[in-house]
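Just so it is clear, none of the values below were taken in a lab; they were calculated from the coordinates. The shown structure was predicted, so the numbers you read here are calculated from the model rather than taken from an experiment. Using ideal geometry, Cβ is built from the backbone for each residue, glycine included, and neighbour counts are taken over all protein chains shown.
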Amino acid sequence: MVTAGLVALAVGVALLIRRRRGAPPTQARWPVPAQLDRGDFAGPDLPWLVVVFTSSTCDSCAQATAKAAVLASPLVQYQEVAYQESRDLHERYGIEVVPLTLLADGEGVVRASFVGVAAAPDLWAAVAEAREGGALPG
């Protein structure tokens with residue numbers, strides 16, 4: 001009987017503590033486009049597009065573009081879209097954070113995305129993984 005009372009008391013205290021804890025802090029989430037209109041970008045006829053949304057006020061954007069630019073090939077279109085030069089594309093796709101790197105296939109389906117500066121091996125691995133399901137980028 002004493003054990004049952006202690007268990008009930010422990011459960012009651014646990015529930016009280018749980019109720020006192022507030023909801024977890026909100027986490028920032030930025031929208032990442034799931035689909036691109038390939039006609040909005042250079043090389044719409046190429047099987048792959050690597051696009052980096054940037055801004056001239058972004059300190060890390062140069063790092064992101066340097067890592068992504070090396071992926072350009074006869075089958076991979078690389079394009080940087082700077083906010084100051086292409087505000088319309090940033091607004092069209094709801095870009096709220098830069099750098100944002102996207103890998104899209106020939107239909108414009110975004111196959112991989114990186115918010116911030118992607119590690120080069122992660123970016124290259126994403127392209128390699130996408131290759132397995134479609135045309136091989138250069």
Original post:
Can you pull out the GluC sites (Glu not before Pro) in the range 64-102 that DSSP calls coil and that have at most 14 other Cβ atoms within 10 Å?
Top reply: 85, 96
Original post:
Along the Cα-to-C-beta direction of residue 37, a point sits 7 Å from the Cα; which residues of the range 81-105 have their amide N less than 12 Å from that point?
Top reply: 89, 92-93
**OP:** Report Rg (one decimal) and Dmax (nearest whole number) for the range 74-121, counting Cα atoms only, units Å.
**Re:** 11.5, 31
Subject >> Point-charge dipole on Cβ atoms (K/R +1, D/E -1) for the range 56-138, about Cα centre, debye to 20 >> reply: 120
Original post:
Once the other residues with Cβ under 11 Å from the Cβ of residue 81 are scored (Lys, Arg +1; Asp, Glu -1), what is the net sum?
Top reply: -2
**OP:** Would you mind checking which residues have amide H under 5 Å from residue 54's amide H? H placed 1.01 Å from N; only 5 or more apart, or other chain.
**Re:** 81, 82, 83
Subject >> Extension reserve of the residue 69-residue 97 stretch, reckoned as 0.36 nm per residue once the Cα distance is removed >> reply: 8.1 nm
